[in-house]
Ligand SMILES: *Cc1c(COP(=O)(O)O)cnc(C)c1O
């Protein structure tokens with residue numbers, strides 16, 4: 001068996017020890033003679049898995065009992081609507097900071113359900129920087145302030161948490177959650193689709209401050225109401241049991257690695273060396289403002305886009321896969337989530353240098 005270095009933006013690489021564990025567990029999970037996919041979500045063994053996953057996530061992120069942790073379906077995209085439906089009335093205004101494709105999608109969806117004020121936008125730089133916080137034009141008494149800490153497509157990341165004051169701060173952390181420690185107490189609500197840093201696709205984590213559960217507008221479908229999931233332990237209906245189990249294995253693995261301080265140190269090192277290699281070359285460039293460069297998604301373009309196809313073909317042959325940039329940006333993108341090892345980044349840098357040399 002040979003594994004490639006997988007730089008996919010999502011669904012993305014999973015830690016190998018987690019894959020091994022899943023493979024071992026599948027035919028006969030905990031001596032049950034069944035796989036975890038074949039047992040009731042209300043059975044004792046599965047409830048234990050679900051509770052341990054939540055407890056481990058709380059440990060990793062230091063989540064206090066003031067917050068509920070929910071395991072939902074519908075991806076981050078459903079959260080674009082659920083945040084508005086649960087936190088704002090139809091006539092309320094929510095503030096959005098637009099820093100790229102995902103925040104733009106989030107605010108468009110929210111605008112179907114409440115008033116939206118674009119408090120700041122980096123569209124003028126092609127979404128390559130973060131508008132300074134003191135220039136944001138925020139609404140007095142906004143229902144919440146939404147931002148996207150890491151724009152997965154543009155590779156733009158906030159390296160600070162905005163100061164929202166008394167306004168609940170809402171964050172789409174899909175592609176940065178668990179990449180480093182974060183002070184959850186600064187947030188009203190955090191959501192993240194699983195398929196970047198948490199586990200397989202199909203489950204979405206929501207961390208919501210308990211007082212905000214009371215804000216849902218009347219008449220919402222039960223399955224769009226946070227409070228229903230908070231009261232049922234996310235078992236309002238059948239949850240995606242396999243994805244929940246696999247996410248639990250990832251949380252357990254991250255704790256074994258020493259928690260998020262250790263994870264962050266590796267991630268920072270990986271990102272720094274890749275950006276340093278890009279900046280040192282005359283062949284590759286990254287368009288993002290230096291203070292807003294993502295640790296997780298590193299877009300880069302070749303001096304001659306006519307060589308993109310050749311670069312990707314040779315990379316593939318060298319076992320470096322999924323480097324093609326998003327169709328809206330072009331060029332390349334290396335997603336270097338938690339499960340992408342430092343060795344993978346080293347191999348990529350070496351390949352890039354060799355390719356550059358072969359073209360001169
Ligand atoms: C991947 C991604 C999404 C979309 O997630 P889905 O699970 O496909 O709905 C939303 N926001 C960000 C920041 C993402 O990286």
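The values are calculated or read from the model by the stated rules, or taken from the named source; none is laboratory data. Predicted model only: the values in this text are computed from it and were never measured. Because the Cβ atoms are built from the backbone with ideal geometry, glycine has one as well, and the counts that use them run over all protein chains shown.
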(message) Restricting to segment 63-86, count the residues that are within 16 Å of the ligand (Cβ to nearest atom) and in a strand (DSSP E or B).
(response) 3
(message) Among (1) touching a helix residue (DSSP H, G or I) at 6+ places or on another chain (Cβ under 9 Å); (2) assigned to a loop (DSSP other than H, G, I, E, B); (3) in contact (Cβ under 8 Å) with a residue 24 or more places away in the chain, there is one condition residue 60 misses while meeting the rest; what is its number?
(response) (2)
(message) Can you pull out every residue in segment 322-340 that is in contact (Cβ under 8 Å) with a residue 60 or more places away in the chain and crowded, with 16+ Cβ neighbours inside 10 Å?
(response) 322, 323, 326, 329, 333, 334, 335, 336, 337, 338, 339, 340
(request) Kindly list, by first and then second residue, each pair from a residue in segment 161-175 that is in contact (Cβ under 8 Å) with a residue 12 or more places away in the chain to a residue that is surrounded by fewer than 19 Cβ atoms within 10 Å (Cβ to Cβ), limited to pairs with Cβ atoms under 6 Å and residues at least 6 apart or on different chains. (result) 161/186; 162/133
(message) Among the residues in segment 40-48, are any assigned to a helix (DSSP H, G or I), at negative phi and within 16 Å of the ligand (Cβ to nearest atom)?
(response) no
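Confirm whether residue 233 is farther than 27 Å from residue 42 by Cβ, surrounded by fewer than 21 Cβ atoms within 10 Å (Cβ to Cβ) and out of contact with any strand residue (DSSP E or B) (no Cβ under 8 Å at 6 or more places or on another chain).
Answer is no for this residue.
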(message) Can you confirm whether residue 221 is in contact (Cβ under 8 Å) with a residue 60 or more places away in the chain and either away from the ligand (no atom under 16 Å from the Cβ) or within 16 Å of residue 14 (Cα to Cα) (or both)?
(response) no
(message) Exactly one condition in (1) within 11 Å of the ligand (Cβ to nearest atom); (2) in a loop (DSSP other than H, G, I, E, B); (3) crowded, with 18+ Cβ neighbours inside 10 Å is false for residue 201; which is it?
(response) (3)
(message) Can you find a residue that is assigned by TED's automatic domain parsing to the domain that holds residue 226, over 18 Å from the mean Cα position of the chain (by Cα) and modelled with pLDDT of 95 or more anywhere in segment 72-83?
(response) no
(message) Of the residues 11, 27, 15, only one is under 17 Å from the mean Cα position of the chain (by Cα) and either away from the ligand (no atom under 16 Å from the Cβ) or exposed (fewer than 13 other Cβ atoms within 10 Å of the Cβ) (or both); which?
(response) 15
